[in-house]
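Structure first, commentary second.
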Ligand code: UDP
């Protein structure tokens, strides 16, 4: 059989329309293109515009990555024209409309794929894009699923569901142990529920599960040194070929000059931020960000502002809550907060060049909402975390950072703010709590230095994982080999090669494919 080179492969990547999902997918595009494959990221016009700078930079490096646009039917579901990203949704009704519109993208995707001169060899769909499955089934395209949260979270939700724990516990705050889990973990429903667990998206939740269960393989944005036991357990539980190819944000994989525009154009001059960081002592600056979606309630944001001021620590705060005309914005202006803090603190009102900041040697701590990308970015850059989860998988990332990896300090948040009594007004960490937590994280005593050392060691391991000879590098090679096998099978007219994976014999099939993939690996460029 003729060898298939990576250069012959064309991957279509279809991210969910949310920053925390598009960014790792564009990273994956870069990874595949670096191996010689042709990659097209299919997204909507607004999201394509946000990511064009990074993709153009990759093309200037000679990588064959393109962005393809398909329309977003948001207005059909009550969304304003141009609202195409999850970070533009402001209430539950908009979220519902958003997901209904996302599911409706199936026809536009199929039109796009059938318009291509040649069928792509593989479609990588975000796990939250199960509507891509019928398109792949109809057109005979190998389908891999990319998961964007941690495998700790995926496995935990899987075990809690399988063991009926969610059905057994009485309330959202009743504690339970996560059964059959590689590490001890106590949680509750408020802090350990899967995605799509709200009213109105029941069908979508079933679609997500079915699309994962029938995928040709799973891609995890993680690496063995942080989540090896979770990856193995998840692969066994799902019976799918699984490839842990992360962290896709590892600095070794990126052109540092292009990272300032990652996900969107920064709302601040990255050069100015870098000069400011240059003037600070090593590991002295705390970077504060709650990602693209989470917003602090007004009173909590003000407690944080006061705490950061009192901490005496230099800081950069990517603050979404302080846009002009907002309660927090007015409070900051009325207090003369920025004048008071002076050169010791920088507020970025909008999109921050996060990876540029984390990569700077003056950054010594990251107050993070523990989105999985932020978590991996902290790990890959060796920056200890002050954990402040808001919802969803973020509490799992906190447990991993603090309890398993020993590179984090808890801020004191225990539940999503929607579970607090109204009189709390969303406050879980007072200004005094912020001062205490910042001091603990930035501590230069024995404990703090040991934490810093562990963080640096993990970053070094992340670097090794993605380099030739590393586990993530090898998994990506396997993944490319696997796709080229499946593509060859499909090209032979063996339709079952694509469709058969939902049979109980899957694991047998998989090991057969693995042998062929291993052989093919030799002919895949690396
Ligand atoms: N991000 C950024 N600038 C910002 C806010 C976020 O570059 O001002 C990036 C961040 O580096 C990460 C992604 O957006 O890659 C957010 O993903 P994450 O999983 O951390 O959180 P989410 O936004 O999905 O809650």
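The values are calculated or read from the model by the stated rules, or taken from the named source; none is laboratory data. Worth saying up front: this structure is predicted, and the values here are computed from it rather than measured. Backbone-built Cβ (ideal geometry, glycine too); neighbour counts: all protein chains shown.
Results, tabulated for the structure shown:
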| read-out | value |
| --- | --- |
| Pair list, Cβ < 9 Å and 6+ apart or interchain, from the range 9-31 residues that are in contact (Cβ under 8 Å) with a residue 40 or more places away in the chain and on the phi > 0 side of the Ramachandran plot to residues that are part of a strand (DSSP E or B) and within 12 Å of the ligand (Cβ to nearest atom) | none |
| Condition check for residue 289: at pLDDT 95 or above, touching a strand residue (DSSP E or B) at 6+ places or on another chain (Cβ under 8 Å) and more than 16 Å from the ligand (Cβ to nearest atom) | no |
| Count - residues of the range 17-40 that are crowded, with 24+ Cβ neighbours inside 10 Å, touching a helix residue (DSSP H, G or I) at 6+ places or on another chain (Cβ under 7 Å) and over 20 Å from residue 355 (Cα atoms) | 3 |
| Residue check for residue 356: at pLDDT 95 or above, within 18 Å of the chain's Cα centre (by Cα) and over 20 Å from residue 258 (Cβ atoms) | no |
| Test: residue 127 is under 18 Å from residue 11 (Cα atoms) and either free of Cβ contacts under 8 Å to residues at least 40 places away in the same chain or within 16 Å of the ligand (Cβ to nearest atom) (or both) | yes |
| Enumeration of residues in the range 133-142 that are surrounded by fewer than 24 Cβ atoms within 10 Å (Cβ to Cβ) and touching a residue at least 40 places away in the same chain (Cβ under 8 Å) | 133, 137, 140, 141 |
| Any hit, the range 111-122, residues being under 22 Å from the mean Cα position of the chain (by Cα) and either surrounded by fewer than 21 Cβ atoms within 10 Å (Cβ to Cβ) or closer than 29 Å to residue 29 by Cα (or both) | yes |
| Residue within the range 198-206 that is surrounded by 14 or more Cβ atoms within 10 Å (Cβ to Cβ), modelled with pLDDT of 95 or more, under 21 Å from the mean Cα position of the chain (by Cα) and at negative phi present | yes |
| Complete set of residues in the range 183-194 that are in contact with a helix residue (DSSP H, G or I) (Cβ under 7 Å, 6 or more places away or on another chain) and surrounded by fewer than 18 Cβ atoms within 10 Å (Cβ to Cβ) | 183, 190 |
| Answer residue from the range 261-278, given it is more than 27 Å from residue 55 (Cβ to Cβ) and in contact (Cβ under 8 Å) with a residue 24 or more places away in the chain and is farthest from the ligand (Cβ to nearest atom) among those | 278 |
| Test: residue in the range 18-41 that is away from the ligand (no atom under 16 Å from the Cβ), assigned to a helix (DSSP H, G or I) and farther than 19 Å from residue 466 by Cβ | no |
| Residue 59 being modelled with pLDDT of 95 or more and within 15 Å of the ligand (Cβ to nearest atom) | no |
| Considering residues of the range 143-164 that are within 16 Å of the ligand (Cβ to nearest atom) and closer than 15 Å to residue 217 by Cβ only, the residue surrounded by the most Cβ atoms within 10 Å (Cβ to Cβ) | 151 |
| Filter pass, residue 12 being away from the ligand (no atom under 16 Å from the Cβ), surrounded by 21 or more Cβ atoms within 10 Å (Cβ to Cβ), under 23 Å from the mean Cα position of the chain (by Cα) and in a helix (DSSP H, G or I) | no |
| Which numbered condition residue 267 fails, given (1) over 30 Å from residue 154 (Cα atoms); (2) buried (at least 18 other Cβ atoms within 10 Å of the Cβ) | (2) |
| Failed item in (1) more than 16 Å from the ligand (Cβ to nearest atom); (2) in contact with a helix residue (DSSP H, G or I) (Cβ under 8 Å, 6 or more places away or on another chain); (3) closer than 26 Å to residue 240 by Cα, with residue 104 passing the rest | (3) |
| Of all residues in the range 250-260 being assigned to a helix (DSSP H, G or I) and closer than 23 Å to residue 386 by Cβ, the one that is farthest from the ligand (Cβ to nearest atom) | 251 |
| Failed item, numbered, when residue 285 is tested on (1) more than 27 Å from residue 434 (Cβ to Cβ); (2) buried (at least 19 other Cβ atoms within 10 Å of the Cβ) | (1) |
| Residue 282 vs. criteria closer than 19 Å to residue 362 by Cβ, assigned to a loop (DSSP other than H, G, I, E, B) and either modelled with pLDDT under 95 or away from the ligand (no atom under 16 Å from the Cβ) (or both) | yes |
| Within the range 252-264, considering residues that are over 17 Å from residue 63 (Cβ atoms) and at pLDDT 90 or above, the one nearest to the chain's Cα centre (by Cα) | 263 |
| Which listed residue, of 402, 434, is in contact (Cβ under 8 Å) with a residue 60 or more places away in the chain, in a helix (DSSP H, G or I) and over 18 Å from the mean Cα position of the chain (by Cα) | 434 |
| Matching residues, the range 42-56, being touching a residue at least 40 places away in the same chain (Cβ under 8 Å), away from the ligand (no atom under 13 Å from the Cβ) and buried (at least 23 other Cβ atoms within 10 Å of the Cβ) | 42 |
